[in-house]
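Novice: What follows is a structure written as structure tokens; I'll ask about it next.
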Amino acid sequence: MSNTGNGQFLHETPMLDQLESGPWPSFISGFKELAERTQKPMLRGVMDQLEYSYKTRLGYWKGGVVGVNGYGAGIISRYSMISDKYPEATEFHTMRIQPAPGFHYSAASLRKVCDIWEKYGSGIISMHGQTGNLQLQGIEEKHVQACFDDLNQEGWDLGGAGATVRTGMACVGPARCEQSCYDTLETHQRVLKHFTDFVHRPELPYKMKFKFSGCPNDCMNSIQRSDISVIGIWKDDIQIDQAEYKKWVNQWGKDRLINEVITLCPTKAISTKGDELLIENKDCVRCMHCLNVMPEVLSPGKERGVAILIGGKGHLKVGNMLGSMMIPFTKMETDEDIDKFTDLSSRIIEWWCDNGLDHERVGETIERVGIYQFLEDIGLEPNIDMISHPRDNPFFKAAY
Amino acid sequence: MSNTRTWETKESGPHTYKDMLHPLMLKNYGKWKYHDRPRPGVLRHVAQSGEELYTVRCGSHRQVTVDIVRRLCDLADKYAEGFLRFTIRNNIEFMLAKKENVDTLIKELEALGHPVGGTGNSISSVAHTQGWLHCDIPATDASGVVKSMMDNLFDDYTKEEMPNRVRLSTSCCEINCGGQADLAVVVQHTRPPRINHDILAGICEMPKAVARCPVAAIRPTAVNGKPSLMVVEDKCICCGACFGACPAMEINHPDYSQLAIWVGGKNSNTRSKPTNMKLVMHGLPNNPPRWPEVNSAVKKILMAYKKGGKPWERMSEWIDRIGWKRFFEETEIPFDKYLIDSYRHARTSLNQSAHVRF
């Protein structure tokens with residue numbers, strides 16, 4: 001499929017063409033196929049500009065304001081800074097769409113998205129953006145509203161952008177994972193729906209991200225990447241199927257048991273007695289390692305819920321921050337449980353709106369204003385799971 | 001296109017999910033017992049009922065098109081009861097009720113150019129950003145970097161021969177939208193922004209740009225009688241935060257915006273706690289279309305980890321065991337003073353002990 005650009009619809013793009021060779025799927029070949037079939041001038045212009053970026057090693061998009069009726073966020077507007085050179089690339093806006101939790105799709109629904117997108121936009125899609133959006137890339141402002149209306153009729157809504165609650169992310173969850181300790185998909189759905197006003201209208205100090213992982217494997221990277229991280233966890237004992245354990249040892253051998261399960265337990269909680277596997281659950285930190293190695297044998301306990309960590313964020317400005325434990329265990333099963341969680345989240349968001357500086361994530365605000373103030377204002381009781389160790393300096397003033 | 005709207009917006013939030021689930025997922029929702037991996041790229045989930053669901057995972061361009069997606073939908077209809085899903089690292093998963101369809105689907109995917117793999121202890125695809133294709137502040141591309149990286153690491157995507165899973169990311173500015181990863185390639189600016197005084201007053205909210213600076217290096221000034229901003233270059237840490245607030249603070253440069261490599265970010269809680277990644281290389285040239293200097297360094301680090309890591313050790317855990325000194329020896333990366341932290345909380349990264357390896 002290489003060099004389809006020469007002498008046909010597309011202009012020559014010698015640098016981009018070099019990304020067509022090699023075994024990994026080539027997005028350039030994909031773009032060319034689409035452009036040659038649909039003959040959309042925007043695609044030709046965008047490829048010309050991208051080629052120019054590759055040559056000059058600079059980007060040429062600038063932002064602006066494009067939106068749909070009633071919303072203040074969800075469309076990422078892009079205007080070419082060099083539209084005199086590449087007029088076909090003048091406008092290349094993106095629509096951020098909230099997918100179903102867990103990135104699950106039916107082929108039928110996805111086809112409809114494709115048809116609507118081909119009708120109004122470029123046909124380029126990013127699956128998915130780092131926040132978790134289905135990103136429809138490349139539309140002119142005049143088509144945005146009609147495109148959104150068609151998508152909205154099929155049950156799709158715009159995601160967040162800028163100073164909003166952002167599109168959430170949930171792992172595959174109970175739909176296909178034995179480790180999922182709560183319903184990540186339902187929780188994601190309900191929580192994001194609850195905050196939909198904050199998703200569509202930027203009125204926060206900066207972005208606010210929710211991520212939902214079913215267990216401490218944290219496949220959604222929620223501790224690293226979300227302001228409010230909801231991680232499935234259990235309170236009681238790990239369930240052991242001793243019959244499966246015997247089968248496992250027969251299949252994989254004692255060496256693997258010792259080297260890959262027992263010695264890798266971070267708190268030395270695992271031992272054997274005769275033909276049985278023992279776990280000292282008081283020592284277990286719910287790290288998931290042994291459950292990952294022998295899922296046939298071990299399952300999370302029966303008393304399941306979630307842990308909530310607050311304050312994860314990326315590099316800017318104070319350096320990367322990991323979320324820290326606030327609530328080590330709470331149930332997430334009933335309507336009341338979810339209401340309790342959205343209440344807590346609302347209190348956090350309000351507190352952050354009152355105290356946060358422009359462009360400050362909630363973790364940074366907590367660090368600057370102080371954890372005592374945060375806990376008191378939110379109404380959270382300090383607990384020992386919040387810390388790695390007690391303070392190692394004497395500088396505080398206890399209440400008197 | 002008519003200007004009169006007939007549709008009233010429904011603020012519906014995330015799309016509903018129950019209509020997006022494979023029938024066996026719906027049937028066994030919350031009732032899965034365990035899973036294993038019959039081969040790289042294939043998962044077999046077994047429900048408490050004994051029912052089995054096969055998943056075939058393949059790599060994607062992430063930057064896809066309606067043509068590519070429609071072909072994937074055709075395969076979902078043909079083999080996967082009309083459903084598919086995506087992973088956080090842009091992989092596509094087809095869930096199959098019938099085991100006998102697994103090999104046929106793999107053949108069809110490979111014929112379409114989608115490598116099957118990315119499961120278990122493989123190098124999964126790259127979490128990446130937008131780059132020159134679409135972002136308004138990128139110093140490099142994203143999709144092109146990913147394409148060249150994954151071409152170079154292809155075999156370890158389709159096999160499961162690494163010590164543990166490897167998560168990669170790339171980011172086109174220091175905001176690091178690609179996120180923390182076992183190994184990340186992130187733009188590193190090396191010069192303070194050049195200030196475009198001609199346009200600054202017209203396009204920037206100056207107090208916002210001043211406030212955006214983490215080290216208070218930006219100050220109001222007047223240039224040719226017009227209000228503008230200046231940067232105290234000694235204080236500037238070249239983070240590029242001001243550029244996001246004010247496009248006249250031109251931080252991007254074809255030569256001075258370079259690339260850095262970070263290692264040891266770990267998202268999961270398995271064994272050790274999650275960790276932030278650490279800077280190990282900087283000053284690599286931003287060299288499209290295939291970034292050979294970056295790719296050769298990435299490969300060298302990953303192959304050293306592949307050789308030295310014990311089963312289940314993530315990159316960070318391998319380095320914890322062998323120590324940073326040996327990491328730099330085994331990867332043949334020169335250590336320099338800029339790898340010593342000098343920012344906030346820097347002291348916690350100093351060696352406050354007599355532990356030294358010789």
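Novice: Over every pair of different alpha-carbon atoms in chain B, take the mean of 1/r and invert it; report that Kirkwood radius in Å.
Specialist: Hydrodynamic radius (Kirkwood, Cα only) of chain B equals 23.3 Å.
Novice: Hey, another quick one. Mind checking the angle between helix A:141-153 and chain A's longest principal axis? C-alpha axes, 0 to 90 degrees, to the nearest 10.
Specialist: 50 degrees
Novice: Run the reach check for A:Lys32 against aspartates and glutamates, Cα to Cα strictly under 12 Å, same-chain hits fewer than 8 apart removed. What comes back?
Specialist: Of all the aspartates and glutamates, those that pass the test against A:Lys32 - Cα under 12 Å, at least 8 places apart if same chain - are A:Glu12, A:Asp17, A:Glu20, A:Asp48, B:Asp67.
Novice: If you build the Cα gyration tensor of the range B:147-231 and take the root of 5 times each eigenvalue, what three semi-axes come out, in whole angstrom, biggest first?
Specialist: Square roots of five times the eigenvalues give 43, 13, 9 Å.
Novice: Quick one: which residues, 5 or more positions from B:Arg167 or on another chain, have an amide H under 5 Å from its amide H? H modelled 1.01 Å from N in the peptide plane, none for Pro or chain starts.
Specialist: Distant-sequence amide H within range of B:Arg167: B:Asp182, B:Leu183.
Novice: Moving on to the next point. Under the Cβ-under-4.7 Å rule, which cysteines of chain B stay unpaired?
Specialist: So, B:Cys58, B:Cys73, B:Cys135, B:Cys172, B:Cys173, B:Cys177, B:Cys213, B:Cys236, B:Cys238, B:Cys239, B:Cys242.
Novice: A further question on this structure: Can you run phi through the Karplus equation (6.51, -1.76, 1.60; θ = phi - 60°) for the range B:221-229 and list ³J(HN,Hα) in whole Hz, with x for Gly and Pro?
Specialist: Each residue of the range B:221-229 in turn: 7, 10, 10, 6, x, 9, x, 7, 10 Hz.
Novice: With no solvent and one point on each alpha carbon, what is the Debye value of log10 I(q)/I(0) for the protein assembly as shown at q = 0.07, 0.09, 0.11 Å⁻¹?
Specialist: For the protein assembly as shown at q = 0.07, 0.09, 0.11 Å⁻¹, log10 I(q)/I(0) is -0.48, -0.82, -1.30.
Novice: Within 14 Å, Cβ to Cβ, of A:His289, how many net charges do the neighbouring residues add up to if Lys/Arg are +1 and Asp/Glu are -1?
Specialist: For residues surrounding A:His289, the net value is +4.
Novice: In what sequence do A:Trp252, B:Trp132 fall when counting other Cβ within 10 Å, fewest first?
Specialist: Exposure proxy ranking, most exposed first: A:Trp252, B:Trp132.
Novice: OK, next. Please give me the summed charge of the neighbours of B:Asn295: other residues whose Cβ is under 15 Å from its Cβ, Lys and Arg +1, Asp and Glu -1.
Specialist: Net charge in that neighbourhood comes out at -1.
Novice: On to the next question. By how many degrees, between 0 and 90 and to the nearest 10, does the Cα long axis of helix B:292-308 differ from the longest principal axis of chain B?
Specialist: 60 degrees
Novice: Would you calculate a helix-derived [θ] at 222 nm for the protein assembly as shown, using -39,500 (n - 2.57) for each DSSP H run of n ≥ 4 and dividing by the full residue count, to the nearest 500?
Specialist: Details: 23 runs with 230 residues, N = 758.
Value at 222 nm, helices only: -9000 deg cm²/dmol.
Novice: Ok, one more. Pop out the ³J(HN,Hα) list for the range B:276-285 in order, Karplus 6.51 cos²θ - 1.76 cosθ + 1.60 with θ = phi - 60°, rounded to Hz; leave Gly and Pro as x.
Specialist: 7, 6, 10, 6, 10, 9, 8, x, 7, x
Novice: Which of B:Asp255, A:Asp337, B:Asp234 comes first, and how do the rest follow, when ranked by fewest Cβ neighbours within 10 Å?
Specialist: Going from least to most buried by this count: B:Asp234, B:Asp255, A:Asp337.
Novice: Semi-axes of chain A's equivalent ellipsoid from the Cα gyration tensor, sqrt of 5 times each eigenvalue, largest first, rounded to whole Å? Spell out each step's value before the answer.
Specialist: Numbers: eigenvalues 385, 168, 80 Å².
In descending order, the three semi-axes are 44, 29, 20 Å.
Novice: Continuing with the same structure: Can you tell me, using C-alpha contacts under 8 Å and at least 6 residues apart, the relative contact order of chain A as a whole percent?
Specialist: 11 percent
Novice: If you plug each phi of the range B:351-357 into the Karplus form 6.51 cos²θ - 1.76 cosθ + 1.60 with θ = phi - 60°, what whole-Hz ³J(HN,Hα) values come out, in order, with x for Gly and Pro?
Specialist: 7, 8, 6, 9, 6, 9, 9
Novice: Can you give the FRET efficiency to the nearest 0.05 for B:Lys310 and A:Phe9, using r as the Cβ-Cβ distance and R₀ = 56 Å?
Specialist: So the FRET efficiency works out to roughly 0.55.
Novice: Would you pull out the residues with amide H under 5 Å of A:Ala170's amide H, same chain only if 5 or more places away, H placed 1.01 Å from N?
Specialist: A:Gly102, A:Phe103, A:Phe212
Novice: May I pose another question? B:Asp234 to B:Arg347: extension gain in nm, 0.36 nm per residue of separation minus the Cα-Cα distance?
Specialist: Contour length minus the Cα-Cα distance gives 38.5 nm.
Novice: How many lysine pairs are close in the range A:239-299, with Cα atoms under 14 Å apart and the two 8 or more places apart or on different chains?
Specialist: Final tally of qualifying lysine pairs is 4.
Novice: For the pair A:Gln39 and A:Ile258, how long in nm is the line joining their label points, each one 7 Å along Cα→Cβ?
Specialist: Those two pseudo-labels are separated by 7.3 nm.
Novice: Excluding A:Glu186 itself, calculate the net charge of residues whose Cβ lies under 13 Å from the Cβ of A:Glu186, where each Lys or Arg counts +1 and each Asp or Glu counts -1.
Specialist: -1
Novice: What order do you get for A:Asp17, B:Asp336, B:Asp151, A:Asp157 when you list them from fewest to most C-beta neighbours inside 10 Å? Write down the numbers at each step before the final one.
Specialist: Working: A:Asp17 20, B:Asp336 10, B:Asp151 16, A:Asp157 25.
Ordered by Cβ neighbours within 10 Å, fewest first: B:Asp336, B:Asp151, A:Asp17, A:Asp157.
Novice: Treating the angle as unsigned and between 0 and 90°, give the value, to the nearest 10°, between the Cα long axis of helix B:101-111 and the longest Cα principal axis of chain B.
Specialist: 40 degrees
Novice: Go from 0 up to the bin containing the longest alpha carbon distance in the range A:11-152, width 5 Å each, and give me the % of pairs per bin.
Specialist: The calculated distribution, bin by bin, is 2, 9, 18, 21, 22, 15, 9, 4, 0, 0.
Novice: I'd like to know which of A:Pro41, B:Ser148, A:Phe195 lies farthest towards the positive end of the charge dipole of the protein assembly as shown, counting +1 on Cβ of Lys and Arg and -1 on Cβ of Asp and Glu.
Specialist: Sorting the options by dipole projection puts first B:Ser148.
Novice: Still on this structure, please answer the following. Can you list the residues, at least 5 places off or on another chain, whose amide H is less than 5 Å from the amide H of A:Arg201, using H built in the peptide plane?
Specialist: A:Gly72
Novice: Would you calculate the separation in nanometres between label points at B:Ser272 and B:Lys226, each defined as 7 Å from the Cα along the Cα-to-beta-carbon direction?
Specialist: Roughly 5.2 nm, to one decimal.
Novice: What nm distance separates the two modelled labels at B:Val356 and B:Ala111, each placed 7 Å from Cα along Cα→Cβ?
Specialist: So the label points at B:Val356 and B:Ala111 sit 6.4 nm apart.
Novice: A further question follows. If you consider only alpha-carbon coordinates, what radius of gyration and Dmax does the range A:14-60 have, in Å?
Specialist: Spelled out, the Cα radius of gyration and Dmax of the range A:14-60 are 11.0, 29 Å.
Bear in mind that the values in this text are calculations on the coordinates, not laboratory data. Note that the structure is predicted; figures quoted are calculated from it, not measured. Neighbour counts are summed over all protein chains in view; Cβ atoms, including those assigned to glycine, are modelled from backbone coordinates with ideal geometry.
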